[in-house]
Amino acid sequence: MHSSSLLRILTLLGMFAAFLLPATSAEASAPLRTHAAARSKFIGAALATSPLSNETSYRNIAATEFNQVTAENVMKWDTVQPSQGQFNFSGADAIVNFATQNNQQVHGHTLVWHSQTPGWVQGLSASAMRTAMQNHISQLVGRYASNATVVSWDVVNEIFDDNGGWRSSFWYNTLGQSFVADAFRAARAADPNARLCINDYNVEGINAKSTAMYNLVSSLRQQGVPVDCVGFQGHLAIQYGFPSDIQQNMQRFADLGVQVRVTELDVRMQMPRSSSKDTTQATYYRNVINACNAVTACAGVTIWGFTDKYSWVPDTFSGEGAALIYDENYQQKPSYTAVHDALAGGTTTDTTPPTAPGTPASSNVTSNSATLTWTASTDSGGSGLAGYNVYREQGTTDTQLGQSTTNSINLTGLTPSTQYQVYVRARDGAGNLSANSALATFTTQSGPVGGGCTAVGTVQNQWGNGYVVQPVTVTNSGSSAITGWTVTFTLPAGHTLAGSWNATLTVSGQTVTARNAGYNGNLAPSGSTTFGFQVTRPSGNTQTPSGYTCA
Ligand code: XIL
């Protein structure tokens, strides 16, 4: 047979086969970048230059799985301009060339940072430092301005401290806040088409630091400073919990008109690795991708490396590691599958609901609150247990009283002297709901006649040596309006207050007294308001405050 006829028949057979196969099965095995591109998002990786030039497996995965790359180190100041006026672009060029060859975009990292910046910069006078900063930006950004591969830059990196104050860096200490606007303006001048980002860590959830970033971005944009994009680094750890409001946080930045992105995702664990830690890690990766998928203004997610063979984690966080999606032997881990399936969207079909929770037991019943605790459900469908919904049985239209990620909940805002019949259902990651638990019944106490209030604090986010309590919900449990409230609680030994919002906090010993701010003291009966605070604690300590009382 003539070879071109054979080719035509094979092509037709191929089309026929493609037609018979469900569309997803051909796609399902596609690399991450194919699925990301189908959503008009990027999936990126930070690359190290040495394995990139020396290891075929590293190079192949970097090229085939990702459509965006970031230089892990070689675009930083200490590599690019180690001494004044001496520029070294060889590493940066290698990354840009690799990306160009593989049809990838480059995110430039980073222009102005307190770390990995040579001593000669740090010792300059204010005017010389400003000039050096502008020159560095102009040279580095300018070099790739006409290169379509380099599309965005981290202009300033890590300018906040964990309490939401300005980091006391040589930049801030020498130039004040103005270095930020100057850096963005210099970058815009050097490349009018590049997307310009502010980048930081511990800003994935809503907390004092991300709120400071939010306020700064909002104010810079009002002043016409060209901030186009906000980067959430995403250095997470399974032992500190997932920032469950990441999507909400991204969305509030998006609503300012900026693009958002996750720039340095990794999810570390205390070593040794185990299959249950791998499973938890996979849910973190999946949740981050899902959050970005759900926010239109989220451009994509970059992972800080891809193989555990080359990761900054073991060198930086003692005893921790295995933070990436491939192991040291370039084998895909459960976190790879999680990223893949979240990008592919809906290719995992978990239709098996979790088992029904145990009968809830009530405790600490007051006039307007109660604690329920039940035996946990299990989930075997693959998507994993996501949490519980708690309902009040009311005949035809039951109301949901709350949600919890653990097998316990504090119900607040209940009506005094009222009988409640409640039940719990478990949820899995695919949204399947379990059968109802058995009913539990409790009756709230009679309410105070006059004023009266309650306070319940929720730990929102915690990390090595600190945490955020948000919200502390203050509720008027009485039958008449109150015009001010005072909440007290106890900090564990060694914990110190690092910041607060929506209340005025004073500390005496370990007792904290929180008084309403000017705008949230008035509460109608059953009305509530919230405040929040941040605490620093000794590394390794996992305690949180207790004994919230309101008067
Ligand atoms: C890290 C690199 O991964 C390491 O190789 C290097 O020794 C130190 O810097 N936040 C950032 C990144 O913005 O630049 C850091 O990268 C990780 C934390």
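The values are calculated or read from the model by the stated rules, or taken from the named source; none is laboratory data. Everything quoted here is computed from the prediction, not taken from an experiment. All Cβ positions, glycine included, derive from the backbone under ideal geometry; neighbour counts span all protein chains shown.
Among the residues of segment 411-434, what is the count of those that are under 21 Å from residue 475 (Cβ atoms) and surrounded by 18 or more Cβ atoms within 10 Å (Cβ to Cβ)? Even if it seems obvious, please write down each step before you answer.
So the first thing to find is which residues in segment 411-434 are under 21 Å from residue 475 (Cβ atoms), and the list is 411-420, 422.
Within this subset, residues satisfying the condition of being surrounded by 18 or more Cβ atoms within 10 Å (Cβ to Cβ) are 411-412, 414, 416, 420, 422.
Of the residues in segment 411-434, 6 are under 21 Å from residue 475 (Cβ atoms) and surrounded by 18 or more Cβ atoms within 10 Å (Cβ to Cβ).
Every condition in (1) within 19 Å of residue 182 (Cβ to Cβ); (2) touching a residue at least 12 places away in the same chain (Cβ under 8 Å); (3) under 24 Å from the mean Cα position of the chain (by Cα) holds for residue 130 except the one numbered (3). Checking every residue in segment 268-279 against the condition of being more than 18 Å from residue 40 (Cβ to Cβ), assigned by TED's automatic domain parsing to the domain that holds residue 311 and within 16 Å of the ligand (Cβ to nearest atom) gives at least one match. Remark: pairs (first residue in segment 100-116, assigned by TED's automatic domain parsing to the domain that holds residue 153 and near the ligand (Cβ under 7 Å from one of its atoms); second residue of a type in the set (A, V, I, L, M) and in a strand (DSSP E or B); Cβ separation under 7 Å; 6+ apart in sequence or on different chains) = 109/71. In the list 475, 496, which residue meets the criterion of being more than 26 Å from the chain's Cα centre (by Cα) and either at pLDDT below 90 or not assigned by TED's automatic domain parsing to the domain that holds residue 367 (or both)? Unique residue meeting the criteria: 475.
Got a sec? Which of 513, 530, 504, 488 is touching a Cys at 6+ places or on another chain (Cβ under 9 Å) and either part of a strand (DSSP E or B) or exposed (fewer than 14 other Cβ atoms within 10 Å of the Cβ) (or both)?
Going through 513, 530, 504, 488 in turn, the sole match is 488.
Pairing each residue of segment 383-404 that is farther than 18 Å from residue 245 by Cα with any residue that is at pLDDT 80 or above and not in a strand (DSSP E or B), provided the two are 6+ apart or on different chains, yields C-beta distances under 8 Å for 384/279; 384/283; 390/360; 391/398; 391/436; 392/398; 393/439.
The single condition among (1) in contact with a helix residue (DSSP H, G or I) (Cβ under 8 Å, 6 or more places away or on another chain); (2) within 16 Å of the ligand (Cβ to nearest atom); (3) within 21 Å of residue 233 (Cα to Cα) that residue 140 does not meet is (3).
When we screen 70, 64, 79 for residues that are within 16 Å of the ligand (Cβ to nearest atom) and either touching a Pro at 6+ places or on another chain (Cβ under 8 Å) or in a helix (DSSP H, G or I) (or both), the only hit is 79.
Of everything listed in (1) among the aliphatic types (A, V, I, L, M); (2) within 16 Å of the ligand (Cβ to nearest atom); (3) touching a residue at least 40 places away in the same chain (Cβ under 8 Å), the single unmet condition for residue 265 is (3).
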